[in-house]
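Working notes, beginning with the structure itself.
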Ligand code: NAD
Ligand code: GLY
């Protein structure tokens, strides 16, 4: 038997839903979803690394409750998040007879969650998606909030929709099989949550992989993301934009260094370092707070610097293309006190370039 799942609610008026968190919850998913979705033909979308680990348990649990699950296994990795895969998946669902009463289960990391969520949002004009996230990034961030999508050849996440899940079921024990570097990468989003909403969480980092405390830590992060999404579902008031802390410079570094040089989490760690540096200069963040977060970033095995030869011109060009950039200034998330953040419209491109220069080794 498992412990009673911890539960966090995303209290959206039109589509509220729960996030259930418990180690060892996957074998119980069939019984849990039955109260929300009547037994039907459904699809489990997963990838070639995750499916062999967890799909059989999920299939058995669903079949026991009368569901007929079809497992669709895709290649692992970011390139799977494409319009071509979305289109192929839709065809497979049609061929297999799934209809508007069917549901999709996304079993995997953020790539599978974003792609399966997107397919669920367009299939028969929208069917339910149940997210079962298996990476740190997916458990603390991407499975919550309904941002779904695929990449275009011209950029990441440019095609997508908002489609809130019917339910998120998070099993922290799935992180035991995650390679250490991917576990650490996901901690960048945890550090981000600590900086913008819950500074005392910094004292709990890095968590020990496989420890019992992980469940509580994930729940704390889920609660932060859920509260932000509840306040600003469509990112119109500025609250959800706080989740971009560290991401503006992070994206620029990621794309200029060449995808693959720094992982996304590493780039966000570098971007957060620059955002903290700017916060000291422009928002009176105490220097000791800057060093406190830097120490945590290092302790999580993440970088805080870039090489001397990363070309400034290319970084500048990338920042200018950022949709948050407008006439010499950029909408930028700063913190004046750890545990809180705000969007500033007064950060200039020169400020940003200065912060990038100070990142160089
Ligand atoms: P991912 O989905 O590519 O997973 C990383 C790797 O880990 C993959 O190779 C996968 O097969 C493997 N894996 C997953 N779970 C595993 C497990 N339990 N054991 C062993 N291996 C496992 O990457 P990710 O970091 O989870 O997600 C990144 C994606 O999420 C990006 O596409 C990003 O744009 C997206 N994202 C979306 C949102 C959102 O709000 N929708 C937020 C953040 C990130
Ligand atoms: N990951 C950022 C967001 O969900 O808004």
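Quick note: the coordinates plus some simple rules give every number you see, no bench work behind them. Quick caveat, the model's predicted, so the values are computed rather than measured. No Cβ is skipped: glycine too gets one built from the backbone with ideal geometry, and neighbour counts run over all protein chains shown.
If you rank 320, 92 by fewest surrounding Cβ atoms within 10 Å, what's the result? Could you put the intermediate results ahead of the total?
Details: 320 12, 92 15.
Ranking 320, 92 by Cβ neighbours within 10 Å, fewest first, gives 320, 92.
Run the simple label-point estimate for residue 305 and residue 64 please: 7 Å along Cα→C-beta, distance reported in nm.
Simple spin-label model gives 5.3 nm for this pair.
What is the diffusion coefficient of the chain in µm²/s, taking the Kirkwood radius over Cα pairs and the Stokes-Einstein relation at 37 °C with a viscosity of 0.692 mPa s? Provide the component values of the computation, followed by the final result.
Details: Rh = 20.9 Å.
Rounded, D is 157 µm²/s.
Take the alpha carbon atoms of region 3-42, find their center, do the same for region 72-110, and report the distance between the two centers in whole angstrom.
Distance between centres, Cα-based: 21 Å.
Please give the calculated 222 nm ellipticity per residue for the chain, where each DSSP H segment of at least 4 residues contributes -39500 (n - 2.57) and the sum is spread over every residue; nearest 500 deg cm²/dmol?
On the way: 11 runs with 144 residues, N = 361.
So the calculated ellipticity at 222 nm is -12500 deg cm²/dmol.
Taking R0 as 22 Å, what FRET efficiency do you get between residue 203 and residue 227 from their Cβ-Cβ distance, rounded to the nearest 0.05?
Details: r = 21 Å, r/R0 = 0.94.
The value I calculate is 0.60.
Rounded to two decimal places and with Rh computed the Kirkwood way over Cα pairs, what is Rg over Rh for region 67-142? Don't skip to the end; give the middle numbers.
Values: Rg = 11.8 Å, Rh = 12.5 Å.
Value, to two decimals: 0.94.
If you consider only alpha-carbon coordinates, what radius of gyration and Dmax does region 73-190 have, in Å?
For region 73-190, the Cα radius of gyration and maximum Cα-Cα distance read 13.8, 41 Å.
If each residue's Cβ is checked for other Cβ atoms within 10 Å, how do 104, 249 rank with the fewest at the top? All intermediate terms of the calculation are to be shown ahead of the outcome.
Working: 104 26, 249 30.
Result, fewest neighbours first: 104, 249.
In whole Å, how far is the Cα centre of region 140-155 from that of region 284-354?
22
Over region 172-299, what lengths in whole Å, largest first, do the semi-axes of the equivalent ellipsoid take, defined as the square roots of 5 times the eigenvalues of the alpha-carbon gyration tensor?
Numbers: eigenvalues 95, 70, 54 Å².
Rounded to whole Å, the semi-axes are 22, 19, 16.
Give, in nm to one decimal, the length gained when the segment between residue 348 and residue 321 is fully stretched (0.36 nm per residue of separation minus the Cα-Cα distance).
Working it through step by step, the gained length comes to 8.3 nm.
Give me the percent of DSSP beta bridges within the chain that run antiparallel, rounded to the nearest 5.
Details: 17 of 43 bridges.
Around 40 percent antiparallel, to the nearest 5.
For Cα pairs less than 8 Å apart in space and 6+ apart in sequence, what is the mean separation divided by the residue count of the chain, i.e. the relative contact order in percent?
Working: 696 pairs, mean separation 52.4, N = 361.
Relative contact order, the chain: 15 percent.
When every alpha-carbon pair in region 206-272 is counted, what percent end up more than 16 Å apart?
Numbers: 1365 of 2211 pairs.
I get 62 percent for the Cα pairs in region 206-272 exceeding 16 Å.
Within 10 Å, count the other beta carbons around each residue, average over each peptide in 255-263, 140-148, 46-54, and list them highest first.
Numbers: 255-263: 16.0, 140-148: 25.3, 46-54: 18.8.
Averaged packing, sorted descending, gives the order 140-148, 46-54, 255-263.
With an 8 Å cut-off on Cα pairs and a minimum separation of 6 or more residues, tell me the relative contact order of region 25-166 in percent.
Values: 277 pairs, mean separation 31.8, N = 142.
Reported as a whole number, the value is 22 percent.
Would you work out the relative contact order for region 128-257, in percent, from Cα pairs under 8 angstrom that are 6 or more residues apart? Each step should come with its number before you reach the end.
Details: 146 pairs, mean separation 33.6, N = 130.
26 percent.
Just report the Cα centroid separation between region 188-208 and region 210-255, whole Å.
11
In angstroms, what radius of gyration and Dmax does region 223-361 have, counting Cα atoms only?
Spelled out, the Cα radius of gyration and Dmax of region 223-361 are 14.4, 42 Å.
With a 10 Å radius around each residue's Cβ, average the other Cβ atoms per peptide and rank 28-36, 224-232, highest first.
Working: 28-36: 16.7, 224-232: 19.6.
For the peptides 28-36, 224-232, the packing ranking is 224-232, 28-36.
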